[in-house]
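*Asks:* Take this structure, written in structure tokens, and hold onto it; I'll ask about it next.
Here, each number is a calculation from the coordinates, and none is a lab measurement. Treat the numbers as computed from the prediction; the structure is a model and nothing was measured. We place every Cβ from the backbone using ideal geometry, glycine too, and count neighbours over all the protein chains shown.
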Amino acid sequence: MASHDVARCQEIFSDEWVSGLDEGQREAAAAAADIVIDPSAPETTCPACLTKFATGPSECPECGLCIG
């Protein structure tokens, strides 16, 4: 498979996934995509559930996503 085929497949799957989301879910997904985990920051935001919590734990206290 050519690399441009892979990129096009990813685009199609992404478009299909997004089409099944409501506006709030699309906004949450866009916000999550911009999250950067900074271990030196006093607070972080889980990219899965958008819960804010003090930096330190290796997993989100709300959804359990491993972030460490």
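*Asks:* Among the residues of region 39-49, is there at least one that is farther than 18 Å from Gly68 by Cβ, loosely packed, with under 10 Cβ neighbours inside 10 Å and either in contact with a helix residue (DSSP H, G or I) (Cβ under 8 Å, 6 or more places away or on another chain) or not aliphatic (A, V, I, L, M) (or both)?
*Replies:* No, region 39-49 contains no residue that is farther than 18 Å from Gly68 by Cβ, loosely packed, with under 10 Cβ neighbours inside 10 Å and either in contact with a helix residue (DSSP H, G or I) (Cβ under 8 Å, 6 or more places away or on another chain) or not aliphatic (A, V, I, L, M) (or both).
*Asks:* So the check is Cβ under 8 Å with 6+ separation or different chains; which pairs have a first residue in region 37-53 that's at positive phi and a second one that's polar (S, T, N, Q) and assigned to a loop (DSSP other than H, G, I, E, B)?
*Replies:* Going by the 8 Å Cβ cut-off, there are no qualifying pairs.
*Asks:* Among the residues of region 1-32, count how many are in a helix (DSSP H, G or I), among the aliphatic types (A, V, I, L, M) and either in contact with a Cys (Cβ under 7 Å, 6 or more places away or on another chain) or without any contact (Cβ under 8 Å) to a residue 12 or more places away in the chain (or both).
*Replies:* Total meeting the criteria: 6.
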